[in-house]
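The values are calculated or read from the model by the stated rules, or taken from the named source; none is laboratory data. Bear in mind that the values here come from a model prediction, so they are computed numbers and not experimental data. Cβ placement follows ideal geometry from the backbone for every residue including glycine, while neighbour counts extend to all protein chains displayed.
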Amino acid sequence: MSDIAIELKGIDKSFGAVHANKNINLSVRKGTIHGIIGENGAGKSTLMSILYGFYQADGGDVFVDGTRTVIRDPNAAIAAGIGMVHQHFMLVENFTVLENVMLGAEESQVLTAGITKARAELRRLEEEYELEVDADAIIEELPVGNQQRVEILKALYRGADILILDEPTGVLTPAEADHLFRILRQLKDQGKTIILITHKLREIMAITDEVSVMRRGEMVATRTTADTSVEELAELMVGRRVLLRVDKDEARPGDVLLAVEKLTVRDSRGVAMVKDVSFDVRAGEIVGIAGVAGNGQSELLEAVSGIRRAEKGRILLNGEPIDVAGRTDPAELRARGMAHVPEDRHHMGLVLAFEESENSILGYHTDPRYVSGAFLNIDGIRRDAAEKMESYDIRPRDVRLRTANFSGGNQQKIVLAREMERDPSVLVIGQPTRGVDVGAIEFIHKRIIEMRDAGKAVLLVSVELDEIRSLSDRVLVMFDGRIVGERSPDANEGELGLLMAGVTDSREAAA
Amino acid sequence: MEYFEALIVILQSTVRVSVPLILAALAGLYSERAGIFDIGLEGKMLAAAFAAGAVAGITQNALLGLTAAMAVSVALALVHGFASITQRGNQIVSGVAINFIAAGATVILGQAWFHQGGQTPRLGEGGRFVTHELPFAAEIAGIPVLGPIYSNLLSGHFLLTYLAFALVPATWWVLYRTRFGLRLRAVGENPGAVDTAGISVTWLRYRAVICCGLLCGIAGAYLSMAMTGGFVKGMTAGKGFIALAALIFAKWKPVNVMFACLLFGFLDAMSIRLQGNPLPLIGQVPAQFMQALPYILTVILLAGFIGKAIPPRAGGVPYVKER
């Protein structure tokens, strides 16, 4: 028995011209939580997919428990005691928890006997690791955090001793993420080895014992977490010094450009998600809306940007009312000086199958610069897109590349460039840096501050409290569809956290 | 009593015309539940009917005819599988192609081989399926109500008819009580989950497509060897598409499939029965209208009366491992 659970030696993998993994060496000690950190596209997921048998390495060896192991497919990985929790859960959504856990490990052709055994085994695992889930619940009816627990149970059910988690907190609320970390510590205490892939430095510092950093397909360093710092890791990831703290001057607020008055919005099921919300955003200030995901921020953003009808209330843009209850028209709002960076760039911000240049004009495609008569002015569009690429450092610099082939950070910059370059008076931004790497975060934050300093009114919604605090001039906290408090961004984190959980103090109630 | 007898006759013919629908719809169920959409049911059934007619016509052996039907249908199913699983092609286009190939090839080969205007030789006694009386059918026939139901409605069908109805609970059992069924349903919803569980998506989907081919083969053989005594060109007459509609109407569930097919079969039987006969209160109805009725109903039902029919989520999408 060796002290090393997993050892990779000289792993190499290319996808066509893309060299995703270059001669990777890695040792993961048994019974530890080992973080692998790197920007999007650094090759972390590819490396783990090789370890799980999803892809075959072009070269190199894998040692599990000291023995050289060939992992040809996920079956071989499972047999070697490796389990994986994928970033996008590999669950059958309309199956029960039990069916999902059994799938592929059913024991016999007819299920009846297996089901009883599986149920008992699942019970045992749930108790041993405190992973409570209802075995008969349908997956799609479970909260995301519970779905993830099912993924972990699936791996444990198959007897995994080594658990790989790929960006596990990307879809979780802060509370769910904390719960996950408690589970992971518990698993570690029981002797499991955990490999945690992430691009979030905080998570690495909070939970790992050791951390390996990947950059552009190479393993650049391995550190003991206790002996390193966020700054050092960020520098290793990006390859240069990164400013994690945003530098900004005092805000000089001007006139109210965006006013929301007693706004009530229902979601598609008819549930009131925004309840009687009022606030102002002035020229030259950033108002941040903090809150746990699902407390009405998305619906608020959609109503303000004209995508969703509001039931009651008023919205004033540059002092002029918007017809919130009638036919709201995002194009009209855009023409009146509002720019909107949607929360979910894949579904609302971009058409991933389009060329970059096509996405760079979406929503502004009737602008005379882009059309001549009934036809698109292709040359003009591409020239314009190329200029934006230059000024927003969008890579690779290819206006004809399919948008899906850009990294998350670069995709987000495509949206930002499109919206910011129109010189709007009001900028509404949802989750500006979700799924964006550290280098791009720094850039995006700087741009948002620049917009503020140029006298724009910026409304920022983010579930990342750090982001809200470092960018905003005023912080509004949203809980259960209401604004439950306003704080300065320098207010202490615990106080904001309590507000986000809906705990308001008496001072607030009296006001 | 007169109406009762008429009803028994209509129901009996309902059963008769429902059988190919049930077989074809169950065939589609196996394929679509695994995520492979199949609008080529019609073509496979037609080719199978031709193969059955041709082989049974030459050999005058019903079993050989059935075997040939299933073999041809499975072969076409594998073509569809190759195009949509291995080559990751568009499943609709592949299905349409199979329908056209079957429609054309059966006529050309039929004319070249038998010179009877696209028909196969009339089947003699040995080449046809025969009907079977259930025990005591003759004895019970005299008892009022129960007698005619047993002797005329339940008894006196082809073995294939009983097989088709037996396949309904059997399919349910396979789908919900076996490992194969669990995996089949899973691969139609999220092939990624199946792949990461260490199961081959490709092999699983091929098996589903083969099941589909086998059942379509039986459906085709029923058409040319049981319902009639030989193959006539275009004899499926849209049954494959009606089966597909029934499958959607039934929301891809086996027992629902049976009832949906019986409903469509009933309308078909009614339209045959009512041709030329005046309806009470309404009077004479044009035969064309009655013939169109099942299809009109299909459109109405599918347009909204069934609520939302949610197809298997991975249906129609070739599985590609994501990076």
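In segment A:318-330, is there at least one residue being surrounded by 15 or more Cβ atoms within 10 Å (Cβ to Cβ), at pLDDT 90 or above and more than 24 Å from A:Ala293 (Cα to Cα)?
For segment A:318-330, residues surrounded by 15 or more Cβ atoms within 10 Å (Cβ to Cβ), at pLDDT 90 or above and more than 24 Å from A:Ala293 (Cα to Cα): present.
Filter segment A:205-220 for residues that are buried (at least 20 other Cβ atoms within 10 Å of the Cβ) and either part of a loop (DSSP other than H, G, I, E, B) or among the hydroxyl-bearing types (Ser, Thr, Tyr) (or both) and give the result.
Once the filter is applied, which keeps residues that are buried (at least 20 other Cβ atoms within 10 Å of the Cβ) and either part of a loop (DSSP other than H, G, I, E, B) or among the hydroxyl-bearing types (Ser, Thr, Tyr) (or both), segment A:205-220 yields A:Thr208, A:Ser212, A:Gly217.
Looking only at segment A:161-196, which residues are among the β-branched types (Val, Ile, Thr) and either crowded, with 22+ Cβ neighbours inside 10 Å or over 24 Å from A:Ala234 (Cβ atoms) (or both)?
Residues satisfying the conditions are A:Ile162, A:Ile164, A:Thr173, A:Ile183, A:Thr193, A:Ile194, A:Ile195.
Can you find a residue in segment A:134-145 that is of a type in the set (Asp, Glu), under 21 Å from the mean Cα position of the chain (by Cα) and either at pLDDT 90 or above or over 19 Å from A:Leu184 (Cβ atoms) (or both)?
Looking for residues that are of a type in the set (Asp, Glu), under 21 Å from the mean Cα position of the chain (by Cα) and either at pLDDT 90 or above or over 19 Å from A:Leu184 (Cβ atoms) (or both), one finds at least one in segment A:134-145, hence yes.
What helices (runs of 4 or more DSSP H), lying completely within segment A:441-511, carry at least 3 residues that are free of Cβ contacts under 8 Å to residues at least 24 places away in the same chain?
In segment A:441-511, A:493-500, A:506-510 are the helices (runs of 4 or more DSSP H) which contain 3 or more residues that are free of Cβ contacts under 8 Å to residues at least 24 places away in the same chain.
How about segment B:119-222: which helices (runs of 4 or more DSSP H) wholly inside it have at least 2 residues that are within 14 Å of chain A (Cβ to nearest Cβ)?
It comes to B:159-177, B:179-189, B:191-196, B:201-221.
Where the second residue is surrounded by fewer than 16 Cβ atoms within 10 Å (Cβ to Cβ) and small (Gly, Ala, Ser) and the first is at negative phi and lies in segment A:385-402, which pairs have Cβ atoms under 8 Å and are six or more apart or on separate chains?
If the second residue must be surrounded by fewer than 16 Cβ atoms within 10 Å (Cβ to Cβ) and small (Gly, Ala, Ser), the pairs left are A:Arg402/A:Ala353.
Quick grid of which residues meet (1) modelled with pLDDT of 90 or more; (2) under 24 Å from A:Glu442 (Cα atoms):
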| residue | (1), (2) |
| --- | --- |
| A:Ser360 | yes, yes |
| A:Gly363 | no, no |
| A:Arg369 | no, no |
| A:Leu376 | yes, no |
| A:Ser391 | yes, yes |
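To keep it simple, each residue is scored yes or no on (1) of a type outside the set (A, V, I, L, M, F, W, C); (2) more than 16 Å from the chain's Cα centre (by Cα); (3) buried (at least 24 other Cβ atoms within 10 Å of the Cβ).
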| position | (1), (2), (3) |
| --- | --- |
| B:Glu42 | yes, no, yes |
| B:Ala48 | no, no, yes |
| B:Gly57 | yes, yes, yes |
| B:Asn61 | yes, yes, no |
| B:Val74 | no, no, no |
| B:Ser84 | yes, yes, yes |
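Right, A:Ile307: over 30 Å from the mean Cα position of the chain (by Cα), under 25 Å from A:Met273 (Cα atoms), of a type outside the set (Ser, Thr, Tyr) and surrounded by 15 or more Cβ atoms within 10 Å (Cβ to Cβ) or not?
no
Can you name the residue in segment A:63-108 that is on the phi > 0 side of the Ramachandran plot and surrounded by fewer than 17 Cβ atoms within 10 Å (Cβ to Cβ) and is also farthest from the other protein chains (Cβ to nearest Cβ) among such residues?
Ranking the candidates gives A:Gly66 first.
Look at B:Gly28 and say whether it is assigned to a helix (DSSP H, G or I) and either more than 19 Å from B:Leu163 (Cα to Cα) or β-branched (Val, Ile, Thr) (or both).
No; evaluated as a whole, the condition is false for this residue.
Of all residues in segment A:324-346, count the ones that are of a type outside the set (Gly, Ala, Ser), in a loop (DSSP other than H, G, I, E, B) and more than 20 Å from A:Gln297 (Cα to Cα).
Within segment A:324-346, residues that are of a type outside the set (Gly, Ala, Ser), in a loop (DSSP other than H, G, I, E, B) and more than 20 Å from A:Gln297 (Cα to Cα) number 2.
Working only within segment B:231-263, note down all residues that are under 12 Å from the mean Cα position of the chain (by Cα) and of a type outside the set (Gly, Ala, Ser).
B:Thr236, B:Lys239, B:Phe241, B:Ile242, B:Leu244, B:Leu247, B:Val257, B:Met258, B:Cys261, B:Leu262
Suppose we keep only residues that are in contact with a strand residue (DSSP E or B) (Cβ under 9 Å, 6 or more places away or on another chain) and among the hydroxyl-bearing types (Ser, Thr, Tyr) within segment A:393-444. Which one would you say is modelled with the highest pLDDT?
Ranking the qualifying residues of segment A:393-444, first place goes to A:Ser425.
With the structure loaded, tell me whether A:Asp61 is touching a residue at least 24 places away in the same chain (Cβ under 8 Å) and either closer than 25 Å to A:Ser14 by Cα or in the same structural domain as A:Val220 (by TED's automatic domain parsing) (or both) or whether it fails that test.
yes
Return the residue satisfying two criteria in turn: it lies in segment B:271-323 and is in a helix (DSSP H, G or I) and over 20 Å from B:Phe241 (Cα atoms), and of such residues it is modelled with the lowest pLDDT.
Restricting to residues being in a helix (DSSP H, G or I) and over 20 Å from B:Phe241 (Cα atoms), the top hit is B:Ala287.
In segment B:33-78, which residues are closer than 15 Å to B:Ser94 by Cα and part of a loop (DSSP other than H, G, I, E, B)?
Selection gives B:Gly35, B:Ile36, B:Phe37, B:Asp38, B:Ile39, B:Gly40.
Could you run through segment A:109-127 and say how many residues are among the aliphatic types (A, V, I, L, M), within 14 Å of chain B (Cβ to nearest Cβ) and out of contact with any Lys or Arg (no Cβ under 8 Å at 6 or more places or on another chain)?
Selection size over segment A:109-127: 3.
Does B:Ser13 meet the test of being under 30 Å from B:Pro144 (Cα atoms), hydroxyl-bearing (Ser, Thr, Tyr) and crowded, with 16+ Cβ neighbours inside 10 Å?
Against the criterion (under 30 Å from B:Pro144 (Cα atoms), hydroxyl-bearing (Ser, Thr, Tyr) and crowded, with 16+ Cβ neighbours inside 10 Å), B:Ser13 qualifies.
Any idea which residue in segment B:148-197 is nearest to the chain's Cα centre (by Cα), counting only those that are crowded, with 18+ Cβ neighbours inside 10 Å and basic (Lys, Arg)?
Looking at residues that are crowded, with 18+ Cβ neighbours inside 10 Å and basic (Lys, Arg), I get B:Arg185.
Just checking, how many residues over segment A:42-62 are of a type in the set (Gly, Ala, Ser), surrounded by 16 or more Cβ atoms within 10 Å (Cβ to Cβ) and either in a strand (DSSP E or B) or more than 10 Å from chain B (Cβ to nearest Cβ) (or both)?
Here the count works out to 4.
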